[in-house]
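**Student:** I am attaching a structure below and will ask some questions about it afterwards.
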Amino acid sequence: MIVVKTQYYTATSIDGYIADSDNSLDWLFEVDEGTDNPFGAFFAGVGAFAMGATTYEWILANDNLLDEPQNWHDMYGGVPCWVFTHRDLPPVPDANIFFISGDVKRVHEAMVVAAQGKNVWLVGGGDLVGEFADQGLLDEIILGVAPVTLGAGAPLLPRHLSAHQLALTQVAQMGQFAYLSYAVGSLADFGRHKAAEVLSSHDPSEPAAIIR
Amino acid sequence: MPKTSYYTATTLDGYIADADNSLQWLFEADSGDNSEFADFFASVGAFAMGRTTWEWVIDHEDLRADPGKWHGYYGDVPAWVFSNRPLEPVPGVDARFVRGDVRPVHAEMTAAAAGKDIWLVGGGELVGQFADAGLLDELIVGVAPVTLGGGAPLLPRRLESSRLTLTGARQVHQFAYLTYAVS
């Protein structure tokens, strides 16, 4: 069985912040990644991704995308991106980006169709991912835990998900990052071992049945 | 060289207790036989906690009715409890009530531990004071498969990667144990 997953893949501090109080990630970029950052392999399985307005604006500025739109293509190719926003945001020239607002459920349906059997990546922030979780649309959390505490900042996931809803499926160390993977919701209910088996079996090159 | 370690369970979003100061969320997670803690505590010669943690342990375990339980958990290892207001001792429990600067207390604990390690139980603010004074050597977090979205913070300080080195990451049942050296 192959499962199309909606995944929250993000870096975080040990104390659960994805950005500091100044909305900076400088603390993250100082960390030794080791020899193989797993993001490339992860993104190869992604067919659609979504982010909030703050995250989009951060990437725009950090990667100088309005002046150097090629940077977007180098990072994300033609994979379609949905940006949730209530404001008018400048588009990256020629990038495959949709600006939307409102119910995540309807948008998620469109993303799954566009992803064509590949996974859906939720970039962040925490509250947007929380809205997907509220709707039962979050299947997996993959955290790259940086060796940092921040004490304050943008929260990883401002929701209560109990041990009945989350199942730890993998722990790995790469460089100074600890990678923790969790099955969420119905996948956690499968049972711990089954969840690990299902989550590790998805080969994005094969056609997938959409379980929803 | 004896170490001073903050060993604690936490949620993956960095809370050690929920907004109601409960640990119910923690007991729902599969920790196996909890031998991790037994192995850790075997090397501990003194331990410290804040008032909230103390009151939680005393109330949760109903130690005033059954003080013998304390000895069952912690043997003869002495405890120090930081509190700005007077606390009522529990008969048969070796806890010393202290306040103020953590440095002289740490020196006293080091002497009492007689070569064994020092465990900081929590909460986060007390451990932060040890970190501020350069007295925290190790951080061991057992990450439970839970998010709370709010509660008592793990460690309300900014410690960047120049001060923290990941020395271990492994899975024990549903917990991820992450160990960091602090400099």
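**Student:** Please enumerate the residues belonging to segment A:1-58 that are within 12 Å of chain B (Cβ to nearest Cβ) and free of Cβ contacts under 8 Å to residues at least 12 places away in the same chain.
**Tutor:** A:Asp22, A:Ser24, A:Asp26, A:Phe29, A:Glu30
**Student:** May I ask you to list pairs of residues, at least six apart or on different chains, whose Cβ atoms are under 8 Å apart, with the first in segment B:123-150 being over 28 Å from B:Gly32 (Cβ atoms) and in contact (Cβ under 8 Å) with a residue 60 or more places away in the chain and the second being assigned to a strand (DSSP E or B) and of a type in the set (S, T, N, Q)?
**Tutor:** Taking only residues 6 or more apart or on different chains, the pairs are B:Phe130/B:Thr4; B:Leu135/B:Thr4.
**Student:** Test B:Pro91 against the criterion of being away from chain A (no Cβ under 14 Å), at pLDDT below 95 and in contact with a Lys or Arg (Cβ under 9 Å, 6 or more places away or on another chain), and give yes or no.
**Tutor:** Here the answer is yes, as B:Pro91 does meet what is asked.
**Student:** Within segment B:1-44, track down each residue that is touching a residue at least 12 places away in the same chain (Cβ under 8 Å), surrounded by fewer than 18 Cβ atoms within 10 Å (Cβ to Cβ) and more than 14 Å from chain A (Cβ to nearest Cβ).
**Tutor:** Across segment B:1-44, the qualifying residues are B:Pro2, B:Lys3, B:Asn21, B:Phe37, B:Phe40, B:Phe41, B:Ser43.
**Student:** Take the residues in segment B:106-132 that are surrounded by fewer than 20 Cβ atoms within 10 Å (Cβ to Cβ) and acidic (Asp, Glu); name whichever of them is farthest from the other protein chains (Cβ to nearest Cβ).
**Tutor:** Step by step, filter segment B:106-132, then rank; the result is B:Glu108.
**Student:** Could you list, in sequence order, all residues of segment A:59-102 that are within 18 Å of A:Ala133 (Cα to Cα) and without any contact (Cβ under 8 Å) to a residue 24 or more places away in the chain?
**Tutor:** A:Ser101, A:Gly102, listed by residue number.
**Student:** Any chance segment A:120-130 includes a residue that's modelled with pLDDT under 95 and more than 12 Å from the chain's Cα centre (by Cα)?
**Tutor:** No.
**Student:** Another question, then. Answer yes or no: is there a residue in segment B:140-154 that is at the interface with another protein chain (Cβ under 9 Å from one of its Cβ atoms), touching a Pro at 6+ places or on another chain (Cβ under 8 Å), among the hydrophobic types (A, V, I, L, M, F, W, C) and farther than 15 Å from B:Trp54 by Cβ.
**Tutor:** Checking segment B:140-154: not a single residue is at the interface with another protein chain (Cβ under 9 Å from one of its Cβ atoms), touching a Pro at 6+ places or on another chain (Cβ under 8 Å), among the hydrophobic types (A, V, I, L, M, F, W, C) and farther than 15 Å from B:Trp54 by Cβ.
**Student:** State all residues of segment A:80-135 that are buried (at least 16 other Cβ atoms within 10 Å of the Cβ), in a helix (DSSP H, G or I) and of a type in the set (A, V, I, L, M); if no residue qualifies, say none.
**Tutor:** Within segment A:80-135, A:Val104, A:Val107, A:Met111, A:Val112, A:Ala114, A:Ala115, A:Leu128, A:Val129, A:Ala133 meet the criteria.
**Student:** Looking at B:Val141, is it closer than 25 Å to A:Tyr179 by Cβ, surrounded by 20 or more Cβ atoms within 10 Å (Cβ to Cβ) and β-branched (Val, Ile, Thr)?
**Tutor:** yes
**Student:** Of the residues in segment A:136-163, how many are part of a loop (DSSP other than H, G, I, E, B) and more than 7 Å from chain B (Cβ to nearest Cβ)?
**Tutor:** Final tally of qualifying residues: 6.
**Student:** Go through (1) within 14 Å of chain A (Cβ to nearest Cβ); (2) crowded, with 18+ Cβ neighbours inside 10 Å; (3) of a type in the set (Phe, Trp, Tyr) and name the single condition B:Phe82 misses.
**Tutor:** Evaluating B:Phe82 over (1) within 14 Å of chain A (Cβ to nearest Cβ); (2) crowded, with 18+ Cβ neighbours inside 10 Å; (3) of a type in the set (Phe, Trp, Tyr) leaves (1) as the failure.
**Student:** As an exercise: evaluate A:Gly175 against (1) under 20 Å from A:Gly125 (Cα atoms); (2) more than 14 Å from the chain's Cα centre (by Cα); (3) more than 7 Å from chain B (Cβ to nearest Cβ) and give the number of the one condition it does not meet.
**Tutor:** Answer for A:Gly175: the failing condition is (1).
**Student:** Now a separate question. Please specify each residue of segment B:63-117 satisfying the condition of being aromatic (Phe, Trp, Tyr) and either over 16 Å from B:Ala48 (Cβ atoms) or in contact (Cβ under 8 Å) with a residue 40 or more places away in the chain (or both).
**Tutor:** Across segment B:63-117, the qualifying residue is only B:Phe82.
**Student:** Here is a list of conditions, (1) over 24 Å from A:Ala44 (Cβ atoms); (2) more than 8 Å from every other protein chain (Cβ to nearest Cβ), and A:Val120 meets all of them except one; can you say which number that is?
**Tutor:** Checking A:Val120 against (1) over 24 Å from A:Ala44 (Cβ atoms); (2) more than 8 Å from every other protein chain (Cβ to nearest Cβ), the one that fails is (1).
**Student:** Tell me, which strands (runs of 3 or more DSSP E) lie completely within segment B:96-183 with 3 or more residues that are modelled with pLDDT of 95 or more and closer than 24 Å to A:Val171 by Cα?
**Tutor:** Fully inside segment B:96-183 and qualifying: B:138-144, B:164-172, B:175-182.
**Student:** Something else now. Yes or no: B:Leu135 surrounded by 14 or more Cβ atoms within 10 Å (Cβ to Cβ), of a type in the set (A, V, I, L, M, F, W, C) and under 30 Å from A:Leu161 (Cβ atoms)?
**Tutor:** no
**Student:** Which ones in segment B:2-54 are under 25 Å from A:Val148 (Cβ atoms) and either modelled with pLDDT under 90 or in contact with a Pro (Cβ under 8 Å, 6 or more places away or on another chain) (or both)?
**Tutor:** Those that are under 25 Å from A:Val148 (Cβ atoms) and either modelled with pLDDT under 90 or in contact with a Pro (Cβ under 8 Å, 6 or more places away or on another chain) (or both): B:Leu12, B:Asp13, B:Gly14, B:Tyr15, B:Ile16, B:Ala29.
**Student:** Restricting segment B:163-172 to residues that are more than 7 Å from chain A (Cβ to nearest Cβ) and over 20 Å from B:Tyr15 (Cα atoms), which is surrounded by the most Cβ atoms within 10 Å (Cβ to Cβ)?
**Tutor:** In this case the residue turns out to be B:Arg163.
The values are calculated or read from the model by the stated rules, or taken from the named source; none is laboratory data. Since the structure is predicted, the reported quantities are computational estimates derived from the model, not experimental observations. With ideal geometry, Cβ positions are generated from the backbone for all residues, glycine too; neighbour counts draw on all protein chains shown.
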